[in-house]
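Colleague: Got a structure here, written out as structure tokens. Questions coming.
The values are calculated or read from the model by the stated rules, or taken from the named source; none is laboratory data. Computed from a predicted model, the values in this text were never measured in an experiment. Ideal geometry is used to build each Cβ from the backbone, glycine not excepted, and the neighbour counts take in all protein chains shown.
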Amino acid sequence: MPTPRLVLGVTGSIAAYRAAELASALTKEGIEVDVVLTDGALRFITPLTFAALTRREVYTRDNDDLRDGQPTHISLADRADLVLIAPATAHLIAQLAHGLAPDLLTSLLLATAAPVVVAPAMNGKMWHHPATQDNVALLRKRGVSFIGPEAGLLACGYEGLGRLWPVPEIAREILSRLKP
Ligand SMILES: Cc1cc2nc3c(=O)[nH]c(=O)nc-3n(C[C@H](O)[C@H](O)[C@H](O)COP(=O)(O)O)c2cc1C
């Protein structure tokens, strides 16, 4: 069986550090994990962390260029067996719902034919906002899968629905799709 290839998109949530554990767990399971960090994510975590854990190049605005004559977002989009966004901000969900593609991750999301799985993380009021809920409904209608969020104490200090789904459970779900 060829090595399953995952693109892991990480966005600007306080939960971004938990994506490192996810990248590590999936790499240990034999998944080739290409990590793409948004500018928002770079405020929370460094590419070096993911490069060390996945032993692969990590993609940011700094290397969003051409590979063998092909734009990086196209080559990553074509190679992926699955694209997972974890954590996904309200901003990323809105961009994807409305077809906005101002950076590497959002361009890749429009260019890929692979299934897309989104694991949101945000303040509960942001999650329940009608704009976010409409965007989620639109994406679900288009075949995008959602994992979580879960309820609990949020990093902002509020209780509510908005926590990133537990990392071992996200990993289990992704493995069941990539290594059935
Ligand atoms: C400390 C801090 C924590 C944040 N946590 C979240 C979060 O968990 N979820 C979210 O949707 N936005 C969060 N934001 C706001 C995003 O970082 C902001 O919307 C950013 O533009 C997202 O960019 P991106 O989606 O391109 O990564 C946070 C901002 C700050 C300063």
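Colleague: Return the residue satisfying two criteria in turn: it lies in segment 140-162 and is of a type in the set (A, V, I, L, M) and surrounded by fewer than 18 Cβ atoms within 10 Å (Cβ to Cβ), and of such residues it is nearest to the ligand (Cβ to nearest atom).
Modeller: Out of the qualifying residues, it is A155.
Colleague: Considering only residues that are among the small types (G, A, S) and within 25 Å of Y17 (Cβ to Cβ), look in segment 109-141 and name the one that is modelled with the lowest pLDDT. Spell out the reasoning first.
Modeller: Going residue by residue through segment 109-141, those that are among the small types (G, A, S) are 111, 113-114, 119, 121, 124, 131, 137.
From the residues that got through so far, the ones that are within 25 Å of Y17 (Cβ to Cβ) too are 119, 121, 124.
Values: A119: 98, A121: 97, G124: 93.
Looking at residues that are among the small types (G, A, S) and within 25 Å of Y17 (Cβ to Cβ), I get G124.
Colleague: Oh, and also: Of all residues in segment 92-103 being more than 9 Å from the ligand (Cβ to nearest atom) and of a type in the set (A, V, I, L, M), which is farthest from M126 (Cα to Cα)?
Modeller: Per the stated criteria, the residue is A101.
Colleague: Related question: Of a type outside the set (A, V, I, L, M), closer than 26 Å to A25 by Cβ and within 12 Å of the ligand (Cβ to nearest atom): which single residue out of T106, T72 fits that description? Can you show your working first?
Modeller: Numbers: T72 fails: within 12 Å of the ligand (Cβ to nearest atom).
Selected residue: T106, the only one of T106, T72 that is of a type outside the set (A, V, I, L, M), closer than 26 Å to A25 by Cβ and within 12 Å of the ligand (Cβ to nearest atom).
Colleague: Can you tell me how many residues within segment 1-51 are farther than 19 Å from H73 by Cα, without any contact (Cβ under 8 Å) to a residue 60 or more places away in the chain and β-branched (V, I, T)?
Modeller: 5
Colleague: Just wondering, is there one or more residues in segment 46-67 that are crowded, with 22+ Cβ neighbours inside 10 Å, in contact with a Gly (Cβ under 8 Å, 6 or more places away or on another chain) and closer than 23 Å to P166 by Cβ?
Modeller: No, because not a single residue in segment 46-67 is crowded, with 22+ Cβ neighbours inside 10 Å, in contact with a Gly (Cβ under 8 Å, 6 or more places away or on another chain) and closer than 23 Å to P166 by Cβ.
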